[in-house]
Protein chains: 2
Amino acid sequence: MTDTAVDVRTPASRRGAGRREAICEAVFELLAEVGYDRMTMDHVAERAHASKATIYRTWADKPEMVVDAIVQHFGEEPPPVDTGSLRGDLLDLMDRACTAANRADGDVITGLITAAGHTPALATAMQRTILESKAFLFQTIVARAVARGELPQGTDAATLQEVMHAMIVSRKTWQCGPMSDEFAVHVVDDVLLPVLKRPSS
Amino acid sequence: MTDTAVDVRTPASRRGAGRREAICEAVFELLAEVGYDRMTMDHVAERAHASKATIYRTWADKPEMVVDAIVQHFGEEPPPVDTGSLRGDLLDLMDRACTAANRADGDVITGLITAAGHTPALATAMQRTILESKAFLFQTIVARAVARGELPQGTDAATLQEVMHAMIVSRKTWQCGPMSDEFAVHVVDDVLLPVLKRPSS
């Protein structure tokens, strides 16, 4: 609902939307707990207190249902905080990403990666909702740093996103250590800033 | 067998070792094809032409069997090529890693990541065989570059490994593009060299 003033839907369609959200929430919980390949439609029906008939009226199959749950959960992202410096902005974004990785979000992503290898629709949904839709965060941070004179014109925000995403996902999925403040400082100071400030080729 | 001169094992133990290797190979193939969570002991028995009784005489359960298959497959790594320059050494190592990621090795890792999230023995085996046992590659490359005067004493090989591993695994598991020569050059020039040559803190 983008229009908060008047809900023009019928009571039945409001109930339908509520049920759909409840099912997506159940899917999200189960993805975090057991992963995509071990999650069955029976699990989802039980967790959401819904019949399988209801589920299959809304989604044709498990990939379609999971894609919807991912889009619903990862869809919105507030703009990055302007802390007044590039390093501050990067630390704030790392803090936000590490907090999410420590919550169920991180376990959901771990639960999806193997399945995405054999389910193209899942891989596409993950790229769209967890990578492409976050690109503006990195573009905004780089644009601010350019405006402040901290980075040269034309600095590549795509590589910044690629490297930050890789560092966080790798640490999380390989369980290489906590997503701590210390890790965030390491990534920003030892990796992201050197990459951003490299002499242009 | 490291001793190629004389095989001192009995014929029965040779047959046992051969069967064990055949089963590990079947496990490896199935991990690449369907992933850990969808692979059953029945699949393994069928693929390896072995009885489930034989499998359970060797391994107590699925995690133990898979750990053995991973250790057998990823266990040995030749030393890095000395190309005469840091950039050449890094490109050669990237080429080696990308070639492996393009083969079944990459699909096996994708097939394991979700399961490693809920099976600590798997996560430990992956860290040991795919991270810790490769550390010497990065230490060797950094030591050579220090000896050549390309990097300062005390340059951190652990961060180099952390970043290269993250970039390759992220690209592979998120299916962000081919593991191509172009990708290898991008990672070396835009990420690894700036990280290695950063002003020390």
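Would you please classify the overall shape of region B:162-201 from the alpha carbon gyration tensor, given that a ≥ b ≥ c denote the square roots of the eigenvalues, rounded means a/c under 1.5, and beyond that prolate means a/b larger than b/c while oblate covers the rest? Mind dumping the intermediate values first?
Details: a/c = 3.95, a/b = 1.85, b/c = 2.13.
Oblate.
Given Cα pairs under 8 Å that are at least 6 residues apart, what percent is the relative contact order of region B:94-201?
Contact order relative to length: 33 percent.
Note the angle between two axes, namely the Cα long axis of helix B:157-173 and the longest principal axis of the Cα atoms of chain B, as a number of degrees from 0 to 90, rounded to the nearest 10.
The angle comes out at about 60 degrees.
Is the shape of the protein assembly as shown rounded, prolate or oblate, going by the alpha carbon gyration tensor and its root eigenvalues a ≥ b ≥ c, with a/c under 1.5 for rounded and a/b larger than b/c for prolate?
Oblate shape, in that a/c is at least 1.5 and b/c is the bigger or equal ratio.
For the protein assembly as shown, which whole percent of the accessible surface, found with a 1.4 angstrom probe, sits on carbon and sulfur atoms?
Of all accessible area on the protein assembly as shown, carbon and sulfur atoms account for 53 percent.
Could you check the spin-label model distance between B:V185 and B:R96? Points 7 Å from the Cα along Cα→Cβ, value in nm.
2.2 nm
Could you work out the helix-only [θ] at 222 nm for the protein assembly as shown, with each DSSP H run of four or more residues adding -39,500 (n - 2.57) and the total divided by the number of residues, to the nearest 500 deg cm²/dmol?
So the calculated ellipticity at 222 nm is -20000 deg cm²/dmol.
With a 1.4 Å probe, how much accessible area is buried between chains A and B, both sides summed, in Å² to the nearest hundred?
Using a 1.4 Å probe on protein heavy atoms, the buried area is about 3100 Å².
Once R0 is set to 41 Å, what does the formula 1/(1 + (r/R0)^6) return for the Cβ-Cβ distance between B:T140 and B:D42, expressed as a FRET efficiency to the nearest 0.05?
Working: r = 43 Å, r/R0 = 1.06.
FRET efficiency, B:T140 to B:D42: 0.40.
Test of the criteria: in region A:19-109, which GluC sites (Glu not before Pro) are in a DSSP loop and have at most 11 other Cβ atoms within 10 angstrom of their Cβ?
Loop-located and lightly packed - A:E76.
Given a Förster distance of 30 Å, report the FRET efficiency between B:E76 and B:H49 from their Cβ-Cβ distance, rounded to the nearest 0.05.
The value I calculate is 0.70.
What do you get when you divide the Cα radius of gyration of region A:75-201 by 2.2 N^0.38 Å, with N the number of residues?
That ratio works out to 1.07.
The values are calculated or read from the model by the stated rules, or taken from the named source; none is laboratory data. Note that this is a predicted model, so its numbers are computed, not measured. Don't worry about glycine lacking a Cβ; one is built from the backbone with ideal geometry, like all the others, and counts go over all protein chains shown. Areas reflect the complete protein model, heavy atoms only, side chains present, ligands, DNA and RNA absent. Shrake-Rupley method; radii C 1.70, N 1.55, O 1.52, S 1.80 Å.
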